[in-house]
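What follows is a single structure, written as structure tokens, with notes after it.
What follows is calculated from the coordinates using simple rules that are stated; it is not laboratory data. Please read all numbers here as calculations on a predicted model, not as lab measurements. Please note: Cβ atoms are built from the backbone with ideal geometry, for glycine as well, and neighbour counts cover all protein chains shown.
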Amino acid sequence: MKKPDARRLHPAAQQAIRLRVAGYLQSGKGTQHQAAEIFQVSLAAVKKIWQRYKDGGTKALQTKKRGPAHHTAPLSKEQVKEITRCIKKGTPDSYQLPYYL
């Protein structure tokens with residue numbers, strides 16, 4: 001029997017599963033294999049959840065913000081505009097560059 005893919009679940013549902021798995025294992029009610037069967041997740045996922053729980057407690061199992069950071073560019077908008085203007089205005093030779101842009 002193939003287990004359903006939990007990656008398609010809502011983040012809150014994923015968090016609930018993680019907390020339930022950790023609670024089950026922490027209480028000593030069963031093994032990691034049994035937790036994988038009961039909660040319909042892979043054994044690898046149970047092992048990862050349990051390790052994260054041991055390292056950081058329930059805080060480590062909380063849902064984190066997804067997606068890229070708001071500002072990931074190393075250059076400011078003004079710097080990008082200036083570089084673009086220079087590229088459009090001149091040739092690599094005028095900037096003593098040994099290669100093409």
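Restriction of the chymotrypsin sites (Phe, Trp or Tyr not before Pro) in region 1-100 to DSSP coil positions whose beta-carbon has at most 10 other beta-carbons within 10 angstrom yields Tyr99, Tyr100.
Compute the angle between helix 77-89 and the longest alpha-carbon principal axis of the chain, please, reported from 0 to 90 degrees and rounded to the nearest 10. Tilt of helix 77-89: around 40 degrees. Considering only trypsin sites (Lys or Arg not before Pro) in DSSP loops that have at most 10 other Cβ atoms within 10 Å, the longest stretch of the chain without any of them is 3-63.
3J(HN,Hα) along region 92-98, derived from phi through the Karplus expression 6.51 cos²θ - 1.76 cosθ + 1.60 where θ = phi - 60°, amounts to x, 5, 5, 9, 6, 9, x Hz, with x in place of Gly and Pro. Among Val80, Val41, sorting on how many other beta-carbon atoms sit within 10 Å of each Cβ, with the fewest leading, yields Val80, Val41.
Of the GluC sites (Glu not before Pro) found in the chain, none is in coil by DSSP with at most 16 other Cβ atoms within 10 Å of its Cβ. Phi angles across region 62-72 convert, under the Karplus curve 6.51 cos²θ - 1.76 cosθ + 1.60 with θ = phi - 60°, into 3J(HN,Hα) values of 5, 5, 9, 5, 9, x, x, 5, 4, 10, 10 Hz, Gly and Pro given as x. The length gained by stretching the chain between Ala16 and His33 to full extension, at 0.36 nm per residue less their Cα-Cα distance, is 4.2 nm. Estimated purely from DSSP H runs of n ≥ 4, each contributing -39500 (n - 2.57), the mean residue ellipticity at 222 nm for the chain is -16500 deg cm²/dmol once divided by its residues.
Using the alpha-carbon atoms, what tilt in degrees (0 to 90, nearest 10) does helix 43-56 show relative to the longest principal axis of the chain? With rounding to tens, the tilt is 80 degrees.
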